[in-house]
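To keep things clear, I will list the structure first and then write my remarks on it.
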Amino acid sequence: MTKQTKYHLGIEIDKLTNSIVNTISGDSFPTDVHLVTKADLKNTTKKNGWNFAWESEFKLADRNVFKLTIRNNPEIIQGLLSISDYKDHYYLHLVESAPFNLGRNKLYEGVPGNLFAYTCKTSWYKGYQGFVSFTSKTKLVDHYEKTLGATHIGGHKMVIFPPDALKLIRKYYPT
């Protein structure tokens, strides 16, 4: 039995883009989101700069782990996401940008926003009207309200309601 962990999201939304944007050239790159395979996780270790134990997360029966990649470049993971289907909404357990997409010298902006938008889109297509919930670190509650339109519903709990979910979906998935 794998120990289940309750995370408080601590990732900052650096920029809402329509894909991901190279911080050096300003070029925008379309992205794809795919279910992670065990082979994908061989380089997503703490030793390689990742903050979370993604292989452990991948093994949890109630979770689906997804990778964000640049279209036609599925080998380089830009970010990872762990979600669960709660039968009336999706719960977002964990989001992480690749180590090279963090800090002042990050290569791409827009990764976290893209992954939140994907979760909203998944919720929408499942018939949950885009409802997504997650648990925030205290210091980021206001940040998630401002950047994602999330609503603080008490404690550390946050919800993205349908109107704001739709804004994120349309931003990242305009067609």
**Message:** How big is the dipole moment of the chain about its Cα centre under a simple scheme where the beta carbon of each Lys and Arg is +1, that of each Asp and Glu is -1, and everything else is neutral? Debye, nearest 20, please.
**Reply:** 240
**Message:** Which one, Leu94, Asn48, Gly110, is farthest towards the positive end of the dipole of the range 22-141 when Lys and Arg carry +1 and Asp and Glu -1 on their Cβ?
**Reply:** Asn48
**Prompt:** Taking the chain as a Gaussian network, where each spring joins two C-alpha atoms under 10 Å apart, which residue of Asp27, Asp142, Asp164 fluctuates the most?
**Reply:** Asp27
**Complete:** CD proxy, 222 nm, the chain: helix-only mean residue ellipticity via -39,500 (n - 2.57) per DSSP H run with n ≥ 4, per residue, nearest 500, stands at -6500 deg cm²/dmol
**Request:** State which stretch of the chain is the longest one without any exposed trypsin sites (Lys or Arg not before Pro), exposure meaning a DSSP loop state and at most 11 other Cβ atoms within 10 Å.
**Result:** 105-175
**Asked** If you put +1 on each Lys and Arg Cβ and -1 on each Asp and Glu Cβ, how big is the dipole of the range 95-175 around its Cα centre, in Debye rounded to 20?
**Response** 60
**Request:** State the percentage of accessible surface on the chain attributable to carbon and sulfur atoms; use a 1.4 Å probe and exclude ligands, DNA and RNA.
**Result:** 53
**Prompt:** Once amide H atoms are placed 1.01 Å from N in the peptide plane, what residues at a sequence separation of 5 or more from Leu107, or on another chain, have their amide H within under 5 Å of its amide H?
**Reply:** Asn101, Leu102
**Message:** Which residues does the label zone of Phe161 cover in the range 92-130, counting backbone N under 16 Å from a point 7 Å along Cα→Cβ?
**Reply:** 129-130
**Message:** Can you tell me how the range 1-155 classifies by the Cα gyration tensor, rounded, prolate or oblate, using a/c under 1.5 as the rounded cut?
**Reply:** rounded
**Complete:** For Glu75 and Lys126, extending 7 Å from Cα along the Cα-Cβ vector and measuring point to point gives, in nm, a value of 3.3
**Message:** Can you tell me which of Ile153, Ile13, Ile77 moves the most in a GNM of the chain? Springs connect C-alpha atoms under 10 Å apart.
**Reply:** Ile153
**Fill in**
Mean-square fluctuation maximum in Gaussian network of the chain, Cα pairs under 10 Å, restricted to Phe66, Phe116, Phe161, hits Phe161
**Message:** Assuming 0.36 nm per residue, please report the length gained on full extension of the stretch Ala53 to Val141 beyond their Cα-Cα distance.
**Reply:** 29.3 nm
**Message:** Per residue, how much accessible surface does the range 82-147 expose to a 1.4 Å probe? Answer in Å², no decimals.
**Reply:** 43
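The values are calculated or read from the model by the stated rules, or taken from the named source; none is laboratory data. Everything numeric in this text was worked out from a predicted model, so none of it was measured. Reconstructed Cβ throughout: ideal geometry from the backbone, glycine too, with neighbour counts over all protein chains shown. Surface accessibility is based on the protein's heavy atoms, side chains included, excluding ligands, DNA and RNA. Shrake-Rupley method; radii C 1.70, N 1.55, O 1.52, S 1.80 Å.
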